[in-house]
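Peer 1: Before anything else, here's the structure in question.
What follows is calculated from the coordinates using simple rules that are stated; it is not laboratory data. Every value quoted in this text rests on a predicted model; they were computed, and no experiment measured them. Using ideal geometry, Cβ is built from the backbone for each residue, glycine included, and neighbour counts are taken over all protein chains shown.
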Amino acid sequence: MHELAVAQSILDISLRHAEQAEAKRITDINLVIGQFSSIVDDSIQFYWDVIANGTLAEGAVLHFERIPGEMTCGNCGHTFQPSDETFACPSCDSGFVRITRGDEFRVDSIDVE
């Protein structure tokens, strides 16, 4: 259900920037979503179609760019992309790792007319 709040934030950001640009309508919104962000594209799209209705963003196409996750081992410093089975460091097998990429979520750009 948090996707409704996310979709609302996307709409608020998009409308604010479109109005500042004195746009007549928003045609496309490009989103960057990290692997670890827990955002579900289909859910965002579902809520978007409902809440954008009757706004400058009605009919705007959402484009989802997925960023793969990356982790760095706190033990040996190795940077790696985790597998689906484990987040342990493949070099030293340590579980002391931190996410260094893939938790982001942002509106990258908005196309307007």
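Peer 1: Nearest 5 percent is fine: what portion of the DSSP beta bridges confined to the chain is antiparallel?
Peer 2: Details: 13 of 20 bridges.
Antiparallel bridges make up about 65 percent of those DSSP assigns within the chain.
Peer 1: Further question: For the chain, take the longest principal axis of its alpha carbons; what is the angle in degrees between that and the long axis of helix 2-20, to the nearest 10 within 0 to 90?
Peer 2: Rounded to the nearest ten degrees, it is 50.
Peer 1: Continuing with the same structure: Need one number: nm distance between label points at R98 and D84, each 7 Å from Cα along Cα→Cβ, rounded to one decimal.
Peer 2: A separation of 2.9 nm, rounded to one decimal place.
Peer 1: Would you mind counting up the charge near F105? Only other residues with Cβ under 12 Å from its Cβ, with Lys and Arg at +1 and Asp and Glu at -1.
Peer 2: Values: positive: R66, R106; negative: E3, D41, E65, D103, E104, D108.
With Lys, Arg at +1 and Asp, Glu at -1, the neighbours total -4.
Peer 1: Now, a different point. I'd like the FRET efficiency for D42 and A21, computed as 1/(1 + (r/R0)^6) with the beta carbon distance as r and R0 of 35 Å, rounded to 0.05. Present the calculation step by step, with values, prior to reporting the outcome.
Peer 2: Values: r = 29 Å, r/R0 = 0.83.
With a Förster radius of 35 Å, E is 0.75.
Peer 1: Is the stretch 55-101 rounded, prolate or oblate when judged by the Cα gyration tensor, a ≥ b ≥ c being the square roots of its eigenvalues, rounded requiring a/c under 1.5 and prolate requiring a/b larger than b/c? It would help to have the intermediate numbers written out before the result.
Peer 2: Details: a/c = 4.91, a/b = 3.61, b/c = 1.36.
In terms of gyration-tensor shape, prolate.
Peer 1: Helix 41-51 versus the longest principal axis of the chain: what is the Cα-based angle in degrees, 0 to 90, to the nearest 10?
Peer 2: It is inclined by approximately 20 degrees.
Peer 1: Could you tell me the relative contact order of the stretch 56-113? Use alpha-carbon pairs under 8 Å, at least six residues apart, and round to a whole percent. Write down the numbers at each step before the final one.
Peer 2: Working: 68 pairs, mean separation 18.5, N = 58.
This gives 32 percent for the stretch 56-113.
Peer 1: Please identify the trypsin sites (Lys or Arg not before Pro) of the stretch 1-33 that satisfy two criteria: DSSP loop assignment and at most 15 other Cβ atoms within 10 Å. Which are they?
Peer 2: On the way: sites: R16, K24, R25; in loops: K24, R25.
Passing both the DSSP loop test and the Cβ count: K24, R25.
Peer 1: Something else: Counting Lys and Arg as +1 and Asp and Glu as -1, each charge on the Cβ, what is the dipole of the chain about the Cα centre in debye, to the nearest 20?
Peer 2: Working: 7 positive and 19 negative charges, 59 e Å.
It comes to approximately 280 debye.
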